[in-house]
Each structure stands twice: as C-alpha cells, then as structure tokens.
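The values are calculated or read from the model by the stated rules, or taken from the named source; none is laboratory data. Computed from a prediction, not measured in an experiment: that's the story for all the values here. Every residue, glycine as well, gets a Cβ built from its backbone with ideal geometry; the counts of neighbours run over all protein chains shown.
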Amino acid sequence: MELIFASNNSHKVREINNILGNSFVLKGLKETGITEDIPETSGTIEGNALQKARYVREKTGKNVFADDTGLEVEALNGQPGVHSARFAGEGKDSNANIDKLLGLLEGIDNRKARFKTVIALIINDKEYIFEGVANGSIIKERRGTEGFGYDPIFVPEGRQTTFAEMELNDKNTVSHRARAFAKLKDFLVNGGFIS
C-alpha cells in the first residue's frame, strides 16, 4: 500500500519509516512533485495537521497523512505551541527558536514542558486523528547533535538525556511522534489496510 507523508523534512520521513516498517511504500512530498509550502494557518496543532493532509489529498487524490507538532511549556502558558516552528520568526530557524525559548525561561524554575504530535490521516476518503504526547522538561543549555527542532533542550520524563543525545531507535521508544505513529500503525494494521 502506498501512503504519502505530507512532509519535506527528510529527518521526519526517516524517523517515520523506522517506526512504521516495511508494510507499505512511504513517500514524502518531494516524490509526489509537491514543492510549494503547504499552508499552516490554523490556530491549533490538530487544525494544521488536517489542513496539510487535505491539501495533499486534493492535489494527489492519494491516501495521505500529515503531522503537526508543538512544544508546550507550562511556565509560558503553553507557548510556543502551534507556533513552535516559527517561534522566533518566519525563518524557521531551530537555533533562533531555542535561543528565544531559553531567554524567556531565564530565571524561571518551572521547566515542565511537553511535546504534542497530532497526525491527520485521510484514507479511502475518511479522516482520522491520532495524538502522541511526551512529557518532560527544558534544560538550560543545548546537549546532543541528533534529531531536530527543540530536541537538544528537551529531556523526556524518566530519562537523563535530551532527545538530541538519543539514538533514533531509543528516541522512538519515548517520543511524542513515535507514540502518535504507533497509534497510526495500530489503526492501519487492525483496520486491515496493511498486514
């Protein structure tokens, strides 16, 4: 079975391939010829995921899923949330985003945060939503070189290492994205879409 993942992020596509295995052919946006930026104008993480999936479904007519992820920091009333990718401005620069976040948290003891991933799947003209959450905390300096986004400053609950210090297989046992995609995989297997 062929599924399109509405992402141009090669890190993400690799991560998801690793989680979902070889049950179907996973294609990123580049392989479908969609090169434009897909609109993400919703005020929620769920809304953005659905908006992206619907856009790609309309363009290709194929089964598709899209995800959106936000980092929600308790002391910042859930910021950056839906604005996580562009927190420091439209440039989508991870380092600038991290710098801004660490600056806002300076002198604040409450470092609790959570990553939330929402996946919108459109398959056989029906829409489904899956959510995964990883609770943890924001540390004061970057550690690690793996992963992307806020990974160098996020330590998941029960661990001593940041997402950026973890091997991919290890990260995929605790990450928000892995949890959401495990639900997606479970749905696809139990729904008889893949074996």
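Before moving on, here are some points about what is shown:
- The set of residues in segment 41-93 being more than 17 Å from His176 (Cα to Cα), of a type outside the set (D, E, K, R) and part of a helix (DSSP H, G or I) consists of Gly47, Leu50, Gln51, Ala53, Tyr55, Val56, Thr60, Ala75, Leu76.
- The residue list Ile38, Ile19 contains one member that is assigned to a helix (DSSP H, G or I), in contact with a Phe, Trp or Tyr (Cβ under 7 Å, 6 or more places away or on another chain), in contact (Cβ under 8 Å) with a residue 12 or more places away in the chain and not aromatic (Phe, Trp, Tyr), which is Ile19.
- Members of segment 75-115 found to be basic (Lys, Arg), within 19 Å of Asn9 (Cα to Cα) and touching a helix residue (DSSP H, G or I) at 6+ places or on another chain (Cβ under 6 Å), listed by number: Lys92
- Matching residues, segment 152-171, being part of a strand (DSSP E or B) and more than 20 Å from Ile19 (Cβ to Cβ): Val155
- When His11 is tested against (1) surrounded by 15 or more Cβ atoms within 10 Å (Cβ to Cβ); (2) of a type outside the set (D, E, K, R); (3) touching a Phe, Trp or Tyr at 6+ places or on another chain (Cβ under 6 Å); (4) at pLDDT below 85, exactly one condition is not met: (1).
- Reported count of residues in segment 121-151, each being assigned to a loop (DSSP other than H, G, I, E, B), in contact with a strand residue (DSSP E or B) (Cβ under 7 Å, 6 or more places away or on another chain) and hydrophobic (A, V, I, L, M, F, W, C), is 1.
Matching residues to (1) buried (at least 17 other Cβ atoms within 10 Å of the Cβ); (2) within 13 Å of the chain's Cα centre (by Cα):
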| site | (1), (2) |
| --- | --- |
| Tyr55 | yes, no |
| Asn63 | yes, no |
| Pro80 | yes, no |
| Gly89 | no, no |
| Leu105 | yes, no |
| Thr117 | yes, yes |
